[in-house]
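In what follows, a structure is listed as structure tokens, so that the remarks can point back to it.
The values are calculated or read from the model by the stated rules, or taken from the named source; none is laboratory data. Predicted model only: the values in this text are computed from it and were never measured. A quick note on method: Cβ atoms are made from the backbone with ideal geometry, for glycine too, and the neighbour counts reach across all protein chains shown.
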Amino acid sequence: MKESSEGVATQFDLSGGTALAQKIWEEMDPGTLVDRGVIVAGDPQSCIDSIKIHEATGVDQMQFLMATETIDHTKVMKSIELFGKHVIPAFKK
């Protein structure tokens, strides 16, 4: 959901029928999705922060998928390395 310059959430037209979910998804920017824990993405600290949103509600298991078919293999491997080096250790108890 986009926010106005005053920090107020933008209203959506909810009369879209079956296309409503797609329209709402298109209106949301990736930063908002990350900030709210809808997706886990970004640098290691951003991922940790997103996961903590779920952890605070009692979630103790998550499943992650990477878009390996659309991203260069070298970048995918670096992402896996960063996740293993920084994100996973942040939650080991």
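Suppose the filter is assigned to a loop (DSSP other than H, G, I, E, B), polar (S, T, N, Q) and at pLDDT 90 or above; does Thr57 pass it? Yes, satisfied. Every condition in (1) of a type outside the set (A, V, I, L, M); (2) at pLDDT 95 or above; (3) surrounded by fewer than 14 Cβ atoms within 10 Å (Cβ to Cβ) holds for Asp29 except the one numbered (2). The numbered conditions (1) modelled with pLDDT of 80 or more; (2) in contact with a helix residue (DSSP H, G or I) (Cβ under 9 Å, 6 or more places away or on another chain); (3) of a type in the set (A, V, I, L, M); (4) part of a loop (DSSP other than H, G, I, E, B) are all true for Leu65 except (2).
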